[in-house]
1. Can we say Ala88 is at pLDDT 95 or above and either surrounded by fewer than 18 Cβ atoms within 10 Å (Cβ to Cβ) or within 23 Å of Lys147 (Cβ to Cβ) (or both)?
2. Please list, ordered by first then second residue, the pairs with beta carbon atoms under 7 Å, 6 or more apart or interchain, first in the range 113-139 and among the charged types (D, E, K, R) and in a loop (DSSP other than H, G, I, E, B), second at pLDDT 80 or above and surrounded by 15 or more Cβ atoms within 10 Å (Cβ to Cβ).
3. Given the conditions (1) hydrophobic (A, V, I, L, M, F, W, C); (2) touching a strand residue (DSSP E or B) at 6+ places or on another chain (Cβ under 6 Å); (3) crowded, with 16+ Cβ neighbours inside 10 Å, report the number of the one that Trp47 does not fulfil.
4. List pairs: first in the range 47-63 and without any contact (Cβ under 8 Å) to a residue 12 or more places away in the chain, second surrounded by 10 or more Cβ atoms within 10 Å (Cβ to Cβ), Cβ under 6 Å, 6+ apart or cross-chain?
5. Does Trp30 qualify as being surrounded by 16 or more Cβ atoms within 10 Å (Cβ to Cβ) and either more than 24 Å from Ala112 (Cβ to Cβ) or among the hydroxyl-bearing types (Ser, Thr, Tyr) (or both)?
Amino acid sequence: MPSKPKPKSKIQNPKSPEPGALGEDLVAQWLKSEGWLILQRRWHCRWGELDLVIGQPDPKSPQHPILLAFVEVKTRSQGNWDEDGALAITTQKQEKLWKAAQFFLADHPLLAELPCRFDVALVNCQRLSSIRSSPPQRSTDPAMLIKDGYQLTLLDYIQSAFTL
């Protein structure tokens with residue numbers, strides 16, 4: 001008697017990152033190349049997740065930040081409906097990020113007195129063709145990442161994208 005076919009799982013291979021996580025990797029790589037400190041990645045609280053918390057280093061003490069930015073990363077494929085993720089930063093999303101940032105600062109009191117802002121990074125993601133005969137070349141552009149079958153490109157980085 002033949003065995004029943006296994007149902008296809010909608011869960012991705014845990015060893016293969018999702019495009020959203022790869023977009024965050026790209027933005028973190030780019031921010032580091034721009035001189036920023038990556039303080040936290042994917043910080044969670046009951047209000048949601050802060051994709052990246054970064055610090056502008058103090059010129060006199062480079063390991064200590066003088067400004068914080070909470071970075072929301074939106075990774076989209078070509079032909080998306082929401083202007084590369086920009087339309088996903090709704091008033092409700094801004095309020096959730098603000099509340100999450102307040103929890104972060106309460107959890108990190110040494111950072112709570114620093115000036116803060118909310119930045120948005122828009123990333124384009126394209127799946128590379130599986131019939132490619134040779135692996136893609138590593139990009140020397142810090143605004144591009146080729147990894148796990150995807151090519152990601154930082155389209156726009158919006159400083160102080162919103163205030164509440």
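1. no
2. Arg138/Ile146
3. Just one mismatch for Trp47, condition (2).
4. That search, which allows pairs on different chains as well, returns Asp58/His64; Asp58/Ile66.
5. yes
The values are calculated or read from the model by the stated rules, or taken from the named source; none is laboratory data. None of the values given here were measured: they were computed from a predicted structure. Every residue, glycine among them, receives a Cβ derived from its backbone with ideal geometry; neighbour counts consider all protein chains shown.
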